[in-house]
Amino acid sequence: MQIGIRFHDTVDLPIEERVIETKKQGFSCVHIALGKTTGQTAEPEALTPGYAAYLRRVFDKAELDIAVLGCYLNLATPDPAALAATQEKYKAHIRFAAQLGCGMVGTETGAPNTDYHYDKEACHSEEALRQFITNLRPVVRYAEQMGVIFAIEPVYRHIVWNPVRARIVLDAIDSPNLQIIFDAVNLLNPDNYDRKQDVIREAIEVFGRDVAMIHLKDCLPGDPGTQNVKSVPCGKGELDYTDILRFARDRKPWIQATLEDTKPDNAVAAREFIEGKMASL
């Protein structure tokens, strides 16, 4: 397993210095969201081959891979104009990933409203799932044309909220270019928090063969009265990583796994925690 980090969680420096500092902290790859990276842009008209060539040189110089290009927009919006714009932004990111030498664009799965808010009844409905699949299909077809993986990240608070829903989407689209970013904590909620290991094992069983990347963070129960699980850096919570790391070791050799919810002063400790867990398997 190759351990990386979300680039916007690293020390905030000009990008040519930032990649070097990230490498010095012992990471081999990054998850980059251009719109969240100081000094960079994710506007479709700016995603030119020249911009891709520049970034490729910067990251190559630091011997740092771009594991995934993040573009987290709402593919389930009921606003036709906003949907069309979102689909075009995804296509621009897919083109850019191909030019960048990055094999994957990553996204979450949205909510059936215009402001991307969580409404359990609506988000978990069959109608929302059907609409998401319809809106996703042309984006995946474009990814096929460009030779890029389009990876969805199941999240309890979104439309694809559990492993079974993820399997339905994968089977409905039926494309090798649609795969999964596996983030175990994002599948958790106060409703299933006490069954964490069951949720993780179900995910591995149901969509494990389609996992293209792993996100790593830890978790604690949410504050009383909230409907959230608290995300924290690896080693600061209650998650048992055994099944996740054994899955990576045994079935996904050299898979890229990026840390989340770290800060520059605790990222190395989080990486070393995961490396220690891997060594003890």
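Among the residues in region 134-150, are any in a helix (DSSP H, G or I), in contact with a Ser or Thr (Cβ under 8 Å, 6 or more places away or on another chain), at pLDDT 95 or above and among the basic types (Lys, Arg)? Scanning region 134-150, I find at least one residue that is in a helix (DSSP H, G or I), in contact with a Ser or Thr (Cβ under 8 Å, 6 or more places away or on another chain), at pLDDT 95 or above and among the basic types (Lys, Arg), so the answer is yes. Residues of region 230-267 that are among the aliphatic types (A, V, I, L, M) and either more than 22 Å from residue 208 (Cβ to Cβ) or in a helix (DSSP H, G or I) (or both): 232, 244, 245, 248, 267. Taking region 5-28 as the range and being surrounded by 19 or more Cβ atoms within 10 Å (Cβ to Cβ) and either among the aliphatic types (A, V, I, L, M) or closer than 11 Å to residue 262 by Cβ (or both) as the test, the residues that pass are 5, 6, 9, 10, 19, 27. Of the residues making up region 78-95, not a single one is assigned to a loop (DSSP other than H, G, I, E, B) and of a type in the set (A, V, I, L, M). Among residues that are assigned to a helix (DSSP H, G or I) and β-branched (Val, Ile, Thr), residue 200 is included. Of the residues contained in region 258-268, one or more are found to be under 22 Å from residue 104 (Cβ atoms) and in contact with a Ser or Thr (Cβ under 6 Å, 6 or more places away or on another chain).
Within region 51-63, is there a residue that is among the small types (Gly, Ala, Ser) and assigned to a helix (DSSP H, G or I)? The answer is yes, given that some residue of region 51-63 is among the small types (Gly, Ala, Ser) and assigned to a helix (DSSP H, G or I). Scanning region 119-133 for residues being in contact with a His (Cβ under 8 Å, 6 or more places away or on another chain) and at pLDDT below 95 gives a total of 0. Residue count for region 206-218, restricted to those that are surrounded by 17 or more Cβ atoms within 10 Å (Cβ to Cβ) and more than 16 Å from the chain's Cα centre (by Cα): 1. Filter region 197-227 for residues that are at pLDDT below 95 and at negative phi and give the result. Within region 197-227, 221, 222, 223, 224, 226, 227 meet the criteria. Exactly one residue among 105, 139 is touching a His at 6+ places or on another chain (Cβ under 7 Å) and hydrophobic (A, V, I, L, M, F, W, C), and that residue is 105.
So that you can scan it fast, the table gives a plain yes or no per residue for (1) small (Gly, Ala, Ser); (2) surrounded by 16 or more Cβ atoms within 10 Å (Cβ to Cβ); (3) touching a residue at least 40 places away in the same chain (Cβ under 8 Å); (4) closer than 26 Å to residue 75 by Cα:
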| residue | (1), (2), (3), (4) |
| --- | --- |
| 172 | yes, yes, no, yes |
| 200 | no, yes, yes, yes |
| 204 | no, yes, yes, yes |
| 220 | no, no, no, no |
| 236 | no, yes, no, no |
| 240 | no, no, yes, no |
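Is it the case that residue 178 is within 25 Å of residue 1 (Cα to Cα), surrounded by fewer than 22 Cβ atoms within 10 Å (Cβ to Cβ), hydrophobic (A, V, I, L, M, F, W, C) and in contact with a Leu (Cβ under 8 Å, 6 or more places away or on another chain)? Spelling it out, it is not the case that residue 178 is within 25 Å of residue 1 (Cα to Cα), surrounded by fewer than 22 Cβ atoms within 10 Å (Cβ to Cβ), hydrophobic (A, V, I, L, M, F, W, C) and in contact with a Leu (Cβ under 8 Å, 6 or more places away or on another chain).
Kindly indicate whether any position in region 158-170 is buried (at least 19 other Cβ atoms within 10 Å of the Cβ), under 24 Å from residue 7 (Cβ atoms) and out of contact with any strand residue (DSSP E or B) (no Cβ under 9 Å at 6 or more places or on another chain). Looking for residues that are buried (at least 19 other Cβ atoms within 10 Å of the Cβ), under 24 Å from residue 7 (Cβ atoms) and out of contact with any strand residue (DSSP E or B) (no Cβ under 9 Å at 6 or more places or on another chain), one finds at least one in region 158-170, hence yes.
Has region 21-42 got at least one residue that is of a type in the set (A, V, I, L, M, F, W, C) and under 19 Å from residue 146 (Cα atoms)?
Yes, region 21-42 contains a residue that is of a type in the set (A, V, I, L, M, F, W, C) and under 19 Å from residue 146 (Cα atoms).
Residues of region 37-86 that are among the small types (Gly, Ala, Ser), touching a residue at least 60 places away in the same chain (Cβ under 8 Å) and over 19 Å from residue 101 (Cβ atoms): 76 alone.
For every residue, the table says whether it meets (1) more than 23 Å from residue 148 (Cβ to Cβ); (2) crowded, with 22+ Cβ neighbours inside 10 Å; (3) in contact with a Lys or Arg (Cβ under 9 Å, 6 or more places away or on another chain).
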position: 53; (1), (2), (3): no, no, no
position: 60; (1), (2), (3): no, no, no
position: 67; (1), (2), (3): no, yes, no
position: 71; (1), (2), (3): no, yes, yes
position: 76; (1), (2), (3): no, yes, no
position: 86; (1), (2), (3): no, no, no
position: 92; (1), (2), (3): no, no, no
position: 110; (1), (2), (3): no, yes, no
position: 116; (1), (2), (3): yes, no, no
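The values are calculated or read from the model by the stated rules, or taken from the named source; none is laboratory data. Given the structure is predicted, the values throughout are model-derived calculations rather than measurements. All Cβ positions, glycine included, derive from the backbone under ideal geometry; neighbour counts span all protein chains shown.
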